[in-house]
1. Inside the stretch 125-137, can you point out the residues that are part of a loop (DSSP other than H, G, I, E, B) and open to solvent by 10 Å² or more (accessible area, probe 1.4 Å)?
2. Scan the stretch 138-154 for residues that are among the β-branched types (Val, Ile, Thr) and open to solvent by 60 Å² or more (accessible area, probe 1.4 Å) and jot them down.
3. Tally time: how many residues in the stretch 146-203 are modelled with pLDDT under 95, closer than 21 Å to residue 94 by Cα and of a type in the set (Lys, Arg)?
4. Kindly provide the set of residues from the stretch 106-115 that are open to solvent by 60 Å² or more (accessible area, probe 1.4 Å) and either within 18 Å of residue 159 (Cα to Cα) or not hydrophobic (A, V, I, L, M, F, W, C) (or both), ordered by number.
5. When you look at residue 103, is it modelled with pLDDT under 85, outside any loop (DSSP other than H, G, I, E, B) and open to solvent by 30 Å² or more (accessible area, probe 1.4 Å), yes or no?
6. For the stretch 175-191, indicate whether the set of residues that are open to solvent by 10 Å² or more (accessible area, probe 1.4 Å), acidic (Asp, Glu), out of contact with any helix residue (DSSP H, G or I) (no Cβ under 8 Å at 6 or more places or on another chain) and in a helix (DSSP H, G or I) is non-empty.
7. Which members of the stretch 192-228 meet the condition of being open to solvent by 80 Å² or more (accessible area, probe 1.4 Å), in a loop (DSSP other than H, G, I, E, B) and of a type in the set (Ser, Thr, Tyr)?
8. Scan the stretch 117-124 and tell me whether some residue there is open to solvent by less than 10 Å² (accessible area, probe 1.4 Å), in a strand (DSSP E or B) and not aliphatic (A, V, I, L, M).
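The values are calculated or read from the model by the stated rules, or taken from the named source; none is laboratory data. Bear in mind the structure is a predicted one, so any value in this text is a computation, not a measurement. Virtual Cβ from ideal backbone geometry, glycine too; neighbours counted across all protein chains shown. These accessible areas exclude ligands, DNA and RNA; they are computed on the full protein's heavy atoms, side chains included. Shrake-Rupley method; radii C 1.70, N 1.55, O 1.52, S 1.80 Å.
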Amino acid sequence: MNITDIRHFTSLQSFFYYVNKESTLVPGFYRFTYDYWFQVIRSVLSHYSTFNRIQKANSKFTQMNNLTKDKNDNEDLAIETFDSIRTKRSLWFNAKPQNLTADQVKSLVEEQISNPTISILSLRNTNLNTASAYQLAELLKVNTKIKWLHLSYNEITDVGVQAICRVMKTKNRTLTFLDLAKNRITDKSVDQIIEMILRNRQLIALILKDNYLSIEGQQRIVDVATSRKPRLRIYL
């Protein structure tokens, strides 16, 4: 057992469970030297505060299935989510794969415009389309909370992506991470993407993998991203 791996355990209980398990698998496990066990105990104690922080974060997991239900009192608008991490200052909203309707997206957008709480918004694989992208572009115009936006594995077309790019060029200086992988983006959006990269220096990571960009279009984006200061991390 590598002592430095202790940091990967989420609690003292899980660590000692591991020790107990290993003791039944490794011949002579209990015959390690006193110095070895002294180092193990010292390492556990040194990372006790880390365990506490992790446990406190885990205790704040909140089921967000009815995020929009409270506001709209309409179960049809509730978005099914994985457990979301909520802290004093931020919230990670992580939707499960599903087919979101325009009304559901609109309700989420209206909620975050009137009461912004989400800092990481993941709507991966939720069947978002051009109309949904327009709704999210409206959110990005006024939202100063969301820093990471995951929109991969959807059906967002050039028109929707360009709407987001236009807002990112001039209206939004909060978002730092944008994931648009596996959508329906073609070379028609390359100029808008390049303008967004050049004019928005707060954006530090952009994912465009598995779209319909040509080699030439991808190279144009890469050239601009790598020459920009600060350099943009681009994934194609």
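1. 125, 127, 129
2. Within the stretch 138-154, 142, 144 meet the criteria.
3. Residues that pass the stated criteria total 1.
4. 106, 110, 114, 115
5. No: the conditions fail for residue 103.
6. yes
7. The answer is none; no residue qualifies.
8. Looking through the stretch 117-124, at least one residue is open to solvent by less than 10 Å² (accessible area, probe 1.4 Å), in a strand (DSSP E or B) and not aliphatic (A, V, I, L, M).
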